Amino acid sequence: MLSILIPVYNYNVIPLIKEIHRQVSSCNILFEIIVLDDQSELHSEENDTINNISGCTFKKLSKNIGRSAIRNLLASNSSYDSLLFIDAGTFPKDKNFIRTYLDNIDQKVVTGGMTYLKEPPIKPFKLRWVYTKKRESLSQNQENKRPVVCSSNFLINKEIFETIKFDESLQKYGCEDVVFFDAIVKKGVPIKYINNPVVHDANDDAETFIRKTEFAVENLIELINTNKLQYDRYQVSSLYYKMNKMKVDKMISLIFRISRNLLKRNFNSSYPSILCYDFYRLGYFCLTKNKT
């Protein structure tokens with residue numbers, strides 16, 4: 001009845017699997033939990049013990065295939081018509097997480113959103129926590145009346161997934177979830193947003209998160225250049241094109257180059273600024289565009 005699909009890379013996913021297994025087992029339904037490891041260097045031995053848990057399968061891929069391809073592969077390996085994707089590095093906030101999704105299993109696409117740890121981590125891990133709180137949190141976006149577009153946990157009918165799938169041309173981090181959900185909307189398939197979040201563990205240090213941010217900006221530029229996304233789909237790209245028309249984008253690139261190390265110093269501090277992070281994204285966008 002329910003295929004629970006979890007991609008993992010360099011993360012100990014055992015606590016997540018045990019909690020999901022506990023919850024789904026109490027629901028008395030047919031289920032499977034499939035975990036695919038995208039050629040990790042860490043935690044493979046611990047995660048291999050997943051195969052000892054009833055209804056669970058763990059497999060390490062022979063090569064790294066990326067965030068989009070591994071999700072498509074998980075779906076192709078699934079047995080049931082309802083697919084629940086959950087990201088490693090997250091954990092259900094509610095003890096009825098699975099039950100809440102089962103209550104909505106007749107919907108074509110359901111997404112539960114993401115939230116943040118109550119206690120902020122210490123530096124240099126705090127930037128990722130601040131970003132989740134300010135930009136990805138379900139409660140924050142509800143207040144702003146903006147739904148969260150997030151692939152961290154979502155339920156989808158398998159037939160619908162197979163007609164859309166994730167764009168495997170995106171092999172680096174970033175934007176693959178937006179492209180995927182935009183394709184769903186373009187197909188006229190309704191997306192139901194529910195308050196059933198996972199908690200992000202904020203385990204990326206500032207340097208790792210900034211590099212992922214740079215990958216996401218590079219993906220965004222490529223998607224705009226190939227007409228897979230409109231330039232106004234993201235605020236950062238929309239702002240860039242306004243600045244480009246005003247002939248100030250090169251000045252932003254210059255300011256970014258001068259201040260880049262100073263910004264990174266802030267990101268690694270105990271008080272990382274989300275506004276500085278927003279400027280970093282814009283500056284990196286301008287810098288990258290002006291190189292092309």
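The values are calculated or read from the model by the stated rules, or taken from the named source; none is laboratory data. None of these values were measured; they are calculated from a predicted model. For neighbour counting, all protein chains shown are included, and Cβ atoms are generated from backbone atoms with ideal geometry for every residue, glycine included.
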Quiz item: Restricting the search to segment 239-271, which residues are at pLDDT below 95 and polar (S, T, N, Q)?
Solution: Asn244
Quiz prompt | Any helices (runs of 4 or more DSSP H) falling wholly within segment 154-235 and containing at least 3 residues that are within 17 Å of the chain's Cα centre (by Cα) and free of Cβ contacts under 8 Å to residues at least 60 places away in the same chain | solution = 176-186, 206-225
Quiz item: Can you find a residue in segment 44-67 that is within 17 Å of the chain's Cα centre (by Cα) and either outside the structural domain of Arg128 (by TED's automatic domain parsing) or within 21 Å of Cys150 (Cβ to Cβ) (or both)?
Solution: yes
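Rundown of residues vs (1) more than 21 Å from Ser68 (Cα to Cα); (2) of a type in the set (S, T, N, Q); (3) part of a strand (DSSP E or B); (4) in the same structural domain as Gly66 (by TED's automatic domain parsing), yes/no style:
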position: Pro7; (1), (2), (3), (4): no, no, yes, yes
position: Asn10; (1), (2), (3), (4): no, yes, no, yes
position: Glu19; (1), (2), (3), (4): yes, no, no, yes
position: Val24; (1), (2), (3), (4): yes, no, no, yes
position: Cys27; (1), (2), (3), (4): yes, no, no, yes
position: Leu36; (1), (2), (3), (4): no, no, yes, yes
Quiz prompt | Of all residues in segment 133-153 being surrounded by fewer than 16 Cβ atoms within 10 Å (Cβ to Cβ) and in a helix (DSSP H, G or I), the one that is modelled with the highest pLDDT | solution = Lys134
Exercise. Take segment 93-122 and flag every residue that is closer than 30 Å to Cys276 by Cα and either at pLDDT 95 or above or of a type in the set (Val, Ile, Thr) (or both).
Key: Lys93, Thr111, Thr115, Ile122
Quiz item: Which one of the conditions (1) at pLDDT below 95; (2) surrounded by fewer than 20 Cβ atoms within 10 Å (Cβ to Cβ); (3) out of contact with any Phe, Trp or Tyr (no Cβ under 6 Å at 6 or more places or on another chain) does Asn157 fail to meet, given that it meets all the rest?
Solution: (1)
Exercise. Confirm whether Asn12 is in contact with a Lys or Arg (Cβ under 7 Å, 6 or more places away or on another chain) and at pLDDT 95 or above.
Key: no
Quiz item: Tally time: how many residues in segment 55-113 are over 26 Å from Asn219 (Cβ atoms) and part of a strand (DSSP E or B)?
Solution: 7
